[in-house]
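> Attaching a single structure in structure tokens format; questions to follow.
The values are calculated or read from the model by the stated rules, or taken from the named source; none is laboratory data. Keep in mind it's a predicted model, so treat the numbers as computed, not measured. With ideal geometry, Cβ positions are generated from the backbone for all residues, glycine too; neighbour counts draw on all protein chains shown. Accessible surface is based on the protein model in full, side chains and every heavy atom, while ligands, DNA and RNA are left aside. Shrake-Rupley method; radii C 1.70, N 1.55, O 1.52, S 1.80 Å.
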Amino acid sequence: MCGKEAAVRLRYANLWLCREHFLEFFERRVERTLRRYGMVREGDRIGVAVSGGKDSMVALYVLSRLGERVGFEVCGLHIDLGISAENYSRVCLQRVVEAFRELGLVYRVLSLKKEYGFTVEEAAKRVRRPQCAVCGLVRRYVLNKMALEMGVTKLATGHHLNDFAVFIVNNVVHANYAYLARLKPMLLARAGLVARIRPLLETPEHDIAAYARFLGIRYADIRCPYGAEEPTKVVGRFLEIVEKRSPGITMMMVRGFIARCLPILESRFGEEEVRACKECGYPTTGDLCAFCRLLRRIGARR
Ligand code: AMP
Ligand code: ZN
């Protein structure tokens, strides 16, 4: 673009870019994603769910920078899950709060232990279920609750292009088509549920790493000690091989899925009937929502 020495190579676009042009390219693309899928409106209050890892931390920084340009407000949300192995949650919390303060954002941190009296590790042990299942359930519920309490109009997560690609292939492999129908760029708000957006949907993970490096974003460079399940890792490696041979194919698959496959899946698998949880009012298909059932089983306070 400018003749300066390139700092990054984007194989899928056949581009070599210097730091400044890359940052511009990266932010433009996120802005385009926001507009293409109607993710934000002027006056929105976007709550970014930040784990402390690279992806959601970058989502936080890029949305903060775009907020001024597009006209929405950004605030931060973090759950301290209390994962003590390898000091995981402590390091995450530290990085997240540093970032919230540096950006001068309104934010809220909720400690599971302080609020409900248990950590993810303790809950999983008590109900004898896998850590990741309990953690996912707790995060979904608690983030939604925090967002509603903070007056957030849309909750943003750090899911990126490669997450989506893995999710698509993994669910095709397992023939989970009803599940695939929920893989939308944006989930609209319903009674008791805040809208959800995925602003990094069209951003490859490799670019997220470069953006973090160029801006000097300090994130928690550790993985959760309980790790992702093995099958998704295998699919991820498979997709890396395919992308290497055909740069750009991941983007094509994800965009194609959203544009052409998702509408068909949505019309086939309509939204489930839901009612209000008897305990907390959160939408659920049964009497009690999964979170309230968990609280009951472990005898936790609410
Ligand atoms: P994961 O399921 O670990 O890939 O996380 C998906 C997204 O959930 C992340 O990109 C974050 O936006 C959000 N998230 C994960 N963990 C937390 C946490 N402890 N607090 C707030 N948000 C989180
Ligand atoms: Zn409930």
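> Kindly sort 112, 93 by accessible area of their heavy atoms, largest first, with the probe set to 1.4 Å.
93, 112
> Let me ask something else. Cα atoms only, the chain: Rg and Dmax in Å?
According to the Cα coordinates of the chain, Rg and Dmax are 19.5, 64 Å.
> In addition: What is the extension gain from residue 111 to residue 238, computed as 0.36 nm multiplied by their sequence separation minus the C-alpha to C-alpha distance, in nm to one decimal?
Roughly 42.0 nm would be gained on extension.
> Distance between Cα centroids, segment 157-191 to segment 206-265: provide it in whole Å.
13
> While we're here: For the chain, what does the accessible surface come to per residue with a 1.4 Å probe? Please give it in Å².
For the chain, the solvent-accessible area averages 53 Å² per residue.
> Continuing with the same structure: Does a label point 7 Å from the Cα of residue 302, set along Cα-to-beta-carbon, have any residues of segment 110-140 with amide nitrogen under 16 Å, and which are they?
The answer is 115-118, 138.
> Using only the alpha-carbon atoms, how far is helix 205-215 inclined from the longest principal axis of the chain? Give it as 0 to 90 degrees, nearest 10.
In the chain, helix 205-215 runs at an angle near 80 degrees to the longest axis.
> Run the numbers on the chain and let me know its relative contact order in percent, using alpha-carbon pairs under 8 Å that are six or more apart.
Here the relative contact order equals 21 percent.
> Beyond 14 Å, how much of the Cα-Cα pair distribution for segment 226-302 remains, as a whole percent?
76
> Segment 70-119 to segment 1-46: how many Å between their Cα centroids?
Answer, in whole Å: 27.
> Quote to one decimal, in nm, the extra length available between residue 45 and residue 28 on full extension: 0.36 nm per residue of separation minus the C-alpha distance between them.
Result: 4.1 nm gained on full extension.
> Now for a separate question. Suppose accessible area is computed on protein heavy atoms with a 1.4 Å probe; arrange 132, 277 from highest to lowest.
Descending order: 132, 277.
> Let me ask something additional. Evaluate the distance, in nm, between pseudo-label points positioned 7 Å from the Cα of residue 98 and of residue 274 along their respective Cα→Cβ axes.
Taking the two extended label points, one gets 3.6 nm.
> A further question follows. Per the 1.4 Å probe, what fraction of the accessible area of segment 189-263, in percent, lies on carbon and sulfur atoms?
58
> Report the local net charge at residue 54: Lys and Arg +1, Asp and Glu -1, summed over other residues whose C-beta lies under 13 Å from its C-beta.
Charge balance in the 13 Å sphere: -1.
> Here's something else I'd like to know. Points 7 angstrom from Cα along the Cβ direction at residue 215 and residue 4: gap in nanometres?
Result: 1.7 nm between the two label points.
> Given R₀ = 35 Å, what would the calculated FRET efficiency be for residue 85 paired with residue 172, taking r from the Cβ atoms and rounding to 0.05?
My answer for the efficiency is 0.60.
> Which net charge results for the neighbourhood of residue 197, defined as the other residues with beta-carbon distances under 10 angstrom from its beta-carbon, given Lys and Arg at +1 and Asp and Glu at -1?
Cβ neighbours under 10 Å give a net charge of +3.
> Do any GluC sites (Glu not before Pro) in segment 180-278 lie in a DSSP loop with no more than 14 other beta carbon atoms within 10 Å, and if so, which?
For GluC sites (Glu not before Pro) across segment 180-278 that sit outside H, G, I, E and B with at most 14 neighbouring Cβ atoms in 10 Å, the list reads 229, 271, 272, 273.
> Considering only protein heavy atoms, what is the solvent-accessible area of residue 160 at a probe of 1.4 Å, reported in Å² to the nearest 10?
0
> Quick one: of 4/233; 54/184; 125/184; 113/145; 145/278; 114/278, which pairs are farther than 26 Å apart, Cα to Cα?
Distance filter (> 26 Å) returns 4/233; 125/184.
> When you have a sec, figure out the Kirkwood radius of segment 98-237 from all distinct Cα pair distances and drop it here in Å to one decimal?
It works out to 17.5 Å.
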